[in-house]
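Here's the structure we're looking at; comments come further down.
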Amino acid sequence: MSQFDEEVLHLLNHAGESLLADAVFVAFTLLGMLTVSLMAAPFLWAKGKREPAIDLVLSVIIVSVLIGLVKLAVDRDRPFESLDGAVQTISFYGLAETSGSSFPSGHAARIFTVATIISLNVRFPVRIVAFAIAVVVALSRVFLGLHWPTDVMAGALLGILVAFAMARLGTFWRPYSAFRHRVVALLGRIRMAR
């Protein structure tokens, strides 16, 4: 591990020291889970941003697949596996990862994907809130001892890049634009039929 990773990890990793802090960071870390990340799509849909809602769902799925592939290729130990007791972590209702590759952080990738898609489609104050939540989710992964700082930085960068790519794809590639339009129309017809 790099000196940067170890120093920042020891600065931020305080799991188990405060019940309140543990509860807050566990709650934020849950926002980076796949199913929770996908729940942001109805927010955009309700705001009339139907094609961006499709972008969000596809972006989260794509970034999750990419994260899985990179994790297989890199196979980096998690901090609590590497530093033998020097990292504080907690188990929260069986949701703490006890093994698996650390690099890059899937939670950070997904939440930054969501924040980016949202920020491209809503007004200023909501953009700030979306990215503030994303930063806290990323920090929660280090606080809980589940990721190195560079894991969450790489995940965040990948999430932002995938989100921008998907958002722009509809502008430059007609087949994807047509696909989004058809999905929106189909979902609208399904809703009307109920």
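Tabulated data
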{"quantity": "Equivalent ellipsoid semi-axes - Cα gyration tensor, segment 3-193, angstrom", "calculated": "33, 17, 14"}
{"quantity": "Acute angle (nearest 10 degrees) that the helix 19-30 long axis makes with the longest principal axis of the chain, alpha-carbon atoms", "calculated": "40 degrees"}
{"quantity": "FRET efficiency for Arg182 and Leu34, using Cβ-Cβ distance with R0 set to 25 Å, rounded to 0.05", "calculated": "0.55"}
{"quantity": "Size of charge dipole - the chain - debye, nearest 20, with Cβ of Lys, Arg +1 and Asp, Glu -1, no other charges", "calculated": "1760 debye"}
{"quantity": "Angle in degrees between helix 3-12 and the longest Cα principal axis of the chain, rounded to the nearest 10", "calculated": "90 degrees"}
{"quantity": "Virtual spin-label span in nm between Arg127 and Asp75, 7 Å along Cα→Cβ", "calculated": "4.3 nm"}
{"quantity": "Value of [θ]222 nm, deg cm²/dmol, for the chain, DSSP H segments ≥ 4, -39500 (n - 2.57) each, nearest 500", "calculated": "-23500 deg cm²/dmol"}
{"quantity": "Full-extension gain in nm, Arg189 to Glu17, via 0.36 nm per residue minus C-alpha separation", "calculated": "56.7 nm"}
{"quantity": "Sorted peptide list for 43-50, 119-126, 132-139, 105-112, criterion being average Cβ within 10 angstrom, highest first", "calculated": "105-112, 132-139, 43-50, 119-126"}
{"quantity": "Rounded tilt (10° steps) of 124-143 against the dominant C-alpha axis of the chain", "calculated": "30 degrees"}
{"quantity": "Listed residues Phe25, Leu56, Val74: farthest to the positive end of the dipole of the chain (Cβ charges)", "calculated": "Leu56"}
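Here, each number is a calculation from the coordinates, and none is a lab measurement. Quick caveat: nothing in here was measured; it's all calculated off a predicted structure. In this analysis, Cβ positions are derived from the backbone assuming ideal geometry, glycine residues included, and neighbour counts consider all displayed protein chains.
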